[in-house]
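The values are calculated or read from the model by the stated rules, or taken from the named source; none is laboratory data. None of these values were measured; they are calculated from a predicted model. Every residue, glycine among them, receives a Cβ derived from its backbone with ideal geometry; neighbour counts consider all protein chains shown. All accessible areas refer to the heavy atoms of the entire protein, side chains included, with ligands and DNA or RNA removed. Shrake-Rupley method; radii C 1.70, N 1.55, O 1.52, S 1.80 Å.
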Amino acid sequence: MNSPAWRLNVENPDGELALLRAPAAVAIGAFVLGLTIGELGKAFAGERFASTEYWIAILVCAPFLLSSRWFGDGRRGLVLRGWLLVASTAATLRIIYFCVMAYSRRPLGIWIVIVLFDTTVVGAVWLASYALLRRGRAAL
(Lines give C-alpha, C1' and ligand atoms only; values in the text may rest on other atoms or scores of the structure.)
Protein backbone atom coordinates (compact mmCIF):
# COMPACT_ATOMS: atom_id res chain seq x y z
CA MET A 1 0.00 0.00 0.00
CA ASN A 2 1.39 3.39 -0.96
CA SER A 3 1.88 6.08 1.65
CA PRO A 4 0.00 9.34 1.23
CA ALA A 5 2.07 12.19 -0.18
CA TRP A 6 1.92 14.13 3.09
CA ARG A 7 3.70 11.46 5.13
CA LEU A 8 7.41 11.85 5.82
CA ASN A 9 9.68 8.99 4.96
CA VAL A 10 12.62 9.09 7.37
CA GLU A 11 14.51 6.67 5.14
CA ASN A 12 14.65 9.46 2.56
CA PRO A 13 17.40 12.03 3.37
CA ASP A 14 15.04 14.91 2.58
CA GLY A 15 12.40 13.53 4.95
CA GLU A 16 14.97 13.06 7.69
CA LEU A 17 16.22 16.62 7.19
CA ALA A 18 12.69 18.02 7.37
CA LEU A 19 12.03 16.07 10.55
CA LEU A 20 15.23 17.31 12.19
CA ARG A 21 14.61 20.94 11.17
CA ALA A 22 10.92 21.09 12.14
CA PRO A 23 11.33 21.76 15.90
CA ALA A 24 13.68 24.69 15.28
CA ALA A 25 11.41 26.13 12.60
CA VAL A 26 8.43 25.97 14.97
CA ALA A 27 10.37 27.50 17.88
CA ILE A 28 11.96 30.24 15.77
CA GLY A 29 8.68 30.93 13.96
CA ALA A 30 6.89 31.38 17.30
CA PHE A 31 9.69 33.65 18.53
CA VAL A 32 9.51 35.81 15.39
CA LEU A 33 5.72 35.99 15.66
CA GLY A 34 5.92 37.03 19.31
CA LEU A 35 8.65 39.53 18.57
CA THR A 36 6.60 41.06 15.74
CA ILE A 37 3.47 41.26 17.91
CA GLY A 38 5.56 42.97 20.59
CA GLU A 39 6.90 45.45 18.06
CA LEU A 40 3.38 46.16 16.83
CA GLY A 41 2.29 46.74 20.42
CA LYS A 42 5.10 49.24 20.86
CA ALA A 43 4.05 50.98 17.64
CA PHE A 44 0.46 51.28 18.91
CA ALA A 45 1.84 52.81 22.11
CA GLY A 46 3.55 55.50 20.07
CA GLU A 47 7.09 54.11 19.91
CA ARG A 48 9.00 53.45 16.71
CA PHE A 49 8.21 50.14 14.98
CA ALA A 50 10.98 47.75 14.02
CA SER A 51 13.89 48.88 16.14
CA THR A 52 17.45 47.87 15.36
CA GLU A 53 17.23 45.04 17.90
CA TYR A 54 14.18 43.69 16.08
CA TRP A 55 15.99 43.54 12.74
CA ILE A 56 19.06 41.94 14.32
CA ALA A 57 16.82 39.26 15.85
CA ILE A 58 15.13 38.70 12.47
CA LEU A 59 18.57 38.40 10.84
CA VAL A 60 19.60 35.77 13.40
CA CYS A 61 16.33 33.84 12.99
CA ALA A 62 16.12 33.93 9.19
CA PRO A 63 18.34 30.93 8.31
CA PHE A 64 16.15 28.63 10.40
CA LEU A 65 13.10 29.60 8.36
CA LEU A 66 14.65 29.20 4.90
CA SER A 67 14.03 26.16 2.75
CA SER A 68 16.57 23.34 3.11
CA ARG A 69 17.15 23.47 -0.65
CA TRP A 70 18.86 26.85 -0.26
CA PHE A 71 21.61 25.24 1.84
CA GLY A 72 22.77 22.95 -0.98
CA ASP A 73 25.92 22.99 -3.04
CA GLY A 74 27.80 26.02 -4.23
CA ARG A 75 28.80 29.32 -2.79
CA ARG A 76 25.29 30.25 -1.66
CA GLY A 77 24.97 27.03 0.33
CA LEU A 78 28.36 27.58 1.95
CA VAL A 79 27.45 31.15 2.94
CA LEU A 80 24.07 30.05 4.30
CA ARG A 81 25.62 27.21 6.32
CA GLY A 82 28.12 29.70 7.79
CA TRP A 83 25.25 32.09 8.57
CA LEU A 84 23.42 29.21 10.24
CA LEU A 85 26.40 28.45 12.48
CA VAL A 86 26.79 32.11 13.45
CA ALA A 87 23.04 32.38 14.10
CA SER A 88 23.04 29.21 16.22
CA THR A 89 25.93 30.55 18.28
CA ALA A 90 24.28 33.98 18.66
CA ALA A 91 20.97 32.39 19.71
CA THR A 92 22.76 30.20 22.25
CA LEU A 93 24.69 33.13 23.73
CA ARG A 94 21.50 35.21 23.92
CA ILE A 95 19.65 32.44 25.73
CA ILE A 96 22.53 31.92 28.16
CA TYR A 97 22.66 35.66 28.85
CA PHE A 98 18.93 35.93 29.51
CA CYS A 99 18.89 32.80 31.70
CA VAL A 100 21.74 34.19 33.83
CA MET A 101 20.06 37.60 34.05
CA ALA A 102 16.71 36.00 34.98
CA TYR A 103 18.26 34.05 37.88
CA SER A 104 18.25 37.01 40.26
CA ARG A 105 14.95 38.46 38.98
CA ARG A 106 12.68 35.41 39.04
CA PRO A 107 11.62 32.91 41.71
CA LEU A 108 13.60 29.67 41.49
CA GLY A 109 10.66 27.60 40.19
CA ILE A 110 9.94 30.01 37.34
CA TRP A 111 13.65 30.33 36.58
CA ILE A 112 13.97 26.53 36.25
CA VAL A 113 11.05 26.49 33.79
CA ILE A 114 12.68 29.30 31.78
CA VAL A 115 15.97 27.40 31.66
CA LEU A 116 14.23 24.16 30.61
CA PHE A 117 12.29 25.84 27.80
CA ASP A 118 15.31 27.80 26.61
CA THR A 119 17.50 24.68 26.70
CA THR A 120 14.90 22.90 24.58
CA VAL A 121 14.98 25.75 22.04
CA VAL A 122 18.80 25.70 21.93
CA GLY A 123 18.69 21.94 21.43
CA ALA A 124 16.26 22.32 18.52
CA VAL A 125 18.40 25.06 16.96
CA TRP A 126 21.56 22.95 17.13
CA LEU A 127 19.71 19.85 15.90
CA ALA A 128 18.62 21.80 12.80
CA SER A 129 22.15 23.12 12.36
CA TYR A 130 23.61 19.63 12.68
CA ALA A 131 21.15 18.22 10.14
CA LEU A 132 21.92 20.89 7.55
CA LEU A 133 25.67 20.79 8.10
CA ARG A 134 25.74 17.00 7.94
CA ARG A 135 23.78 17.12 4.69
CA GLY A 136 26.12 19.79 3.31
CA ARG A 137 29.17 17.71 4.17
CA ALA A 138 27.61 14.62 2.56
CA ALA A 139 27.02 16.60 -0.66
CA LEU A 140 30.73 17.47 -0.93
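Each other residue within a Cβ distance under 15 Å of ARG76 adds +1 if Lys or Arg and -1 if Asp or Glu, for a net charge of +3. Taken over the Cα atoms of segment 56-115, the convex hull encloses 84 Å³ per residue. Counting only protein heavy atoms and a 1.4 Å probe, segment 63-140 has 67 square angstrom of accessible area per residue. The label-point distance for LEU93 and ASP73, in a model that sets each label 7 Å from Cα toward Cβ, rounds to 3.4 nm.
In a fully extended conformation the segment linking LEU19 and ARG134 would gain 40.0 nm over its present Cα-Cα distance, using 0.36 nm per residue. In degrees from 0 to 90, rounded to the nearest 10, what is the angle of the helix 108-139 Cα long axis to the longest principal axis of the chain? Once rounded, the angle reads 30 degrees. Ordering of 18-26, 114-122 by packing is 18-26, 114-122, highest average first (other Cβ atoms within 10 Å, averaged per residue). A crude spin-label estimate for the pair PHE49 and LEU85, with each label 7 Å from Cα along the Cβ direction, gives 3.7 nm. If the segment from LYS42 to TRP111 were pulled out straight at 0.36 nm per residue, it would be longer than the present Cα-Cα gap by 22.2 nm. Roughly what angle does helix 13-44 make with the longest principal axis of the chain, taking Cα atoms, 0 to 90 degrees, to the nearest 10? Here the helix axis deviates by roughly 30 degrees. Protection proxy ranking of 70-82, 38-50, by the mean of other Cβ atoms within 10 Å over each peptide's residues and highest first, is 70-82, 38-50. By definition, a body whose alpha carbon gyration tensor gives a ≥ b ≥ c is prolate when a/c is 1.5 or more and a/b is larger than b/c, and segment 14-58 fits this prolate description. Here the chain has 69 percent of its accessible surface on carbon and sulfur atoms, given a 1.4 Å probe and all protein chains in place.
On a 0 to 90° scale, report how tilted helix 52-65 is relative to the longest principal axis of the chain, with both axes built from alpha carbons and the result rounded to the nearest 10. Value to nearest ten degrees: 20.
Considering all different alpha carbon pairs of the chain, the Kirkwood hydrodynamic radius works out to 16.8 Å.
Overall, the chain carries a charge dipole of about 220 debye about its Cα centre when +1 sits on the Cβ of Lys and Arg and -1 on the Cβ of Asp and Glu, all other atoms neutral.
Coupling constants for segment 88-104 follow from the phi torsions by the Karplus curve (6.51 cos²θ - 1.76 cosθ + 1.60, θ = phi - 60°), and in residue order they are 4, 5, 4, 5, 5, 5, 5, 5, 4, 4, 5, 5, 5, 5, 6, 4, 7 Hz; glycine and proline get x.
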